[in-house]
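Accompanying notes for the structure given below.
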Amino acid sequence: MKKISVIVLAMLLGACATVPTGPDVMALPGTGRTFDEFRADDLACRDYAFQQIGGKARAEEANNESLRNVAIGTAIGAVAGAVIGGRDGAAIGGGSGMIIGSVAGSESARSGSFGSQRRYDMAYAQCMYAKGHRVPVSGNYTTTSPAANPVTSIPPPPGNPPPPPAAR
């Protein structure tokens, strides 16, 4: 019973990795677009964004990575425990390694989920914008495109450089 509770605890600490279920960016219907068109495009863009981050394969990969960390932590802990404390040390080391591996797997999954959400949001925003909808963004963005700024002038260098300092 003790072993089962340790395994359950490790799995709760490790938790499953998640992939985005929706965008964290706002999109608004484009000018002259109906709400029904917006909803259809929203569904299409959600699917597009999900595929861009790897879809179901990404979720399975993240969960497998968490389980690998648990297994590796358990094995390393058991070996270290056996070396230090014999048979009882192997059990304690294995349990400790499982918990440490679970925590490491959880952190790895969390950071992977953050990156996946960011890529999902970018793909979703690009798709919605391409379909003619409005995607509010924050910040000052400037364009360096020649088409946007056809007249770009760079000031000429100064005509006569100043004389060098006089030697004393």
Check your understanding: Taking amide H positions as placed 1.01 Å from N in the peptide plane, with prolines and chain starts having none, which residues 5 or more places from Arg134, or on another chain, fall under 5 Å of its amide H?
Key -> Leu28, Gly30
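With 10 angstrom as the radius, rank Arg119, Arg39 by how many other C-beta atoms surround their C-beta, starting from the fewest.
Arranged by neighbour count, lowest to highest, Arg119, Arg39 become Arg39, Arg119.
How do 40-52, 121-133, 22-34 rank on mean C-beta neighbours within 10 Å, highest first?
Those peptides, ordered most packed to least, come out 121-133, 40-52, 22-34.
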Check your understanding: What FRET efficiency comes out for the pair Arg118/Phe35, r = Cβ-Cβ distance, R0 = 22 Å, nearest 0.05?
Key -> 0.20
Practice item. Sort Ser116, Ser96 so the one with the fewest other Cβ atoms within 10 Å of its own Cβ comes first. Key: Ser96, Ser116
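Taken together, the values in this text are just the output of simple stated rules run on the coordinates, not laboratory data. These numbers were taken from a predicted model, which means no experiment stands behind them. Here the Cβ is made from the backbone with ideal geometry for all residues, glycine too, and neighbour counts use every protein chain on show.
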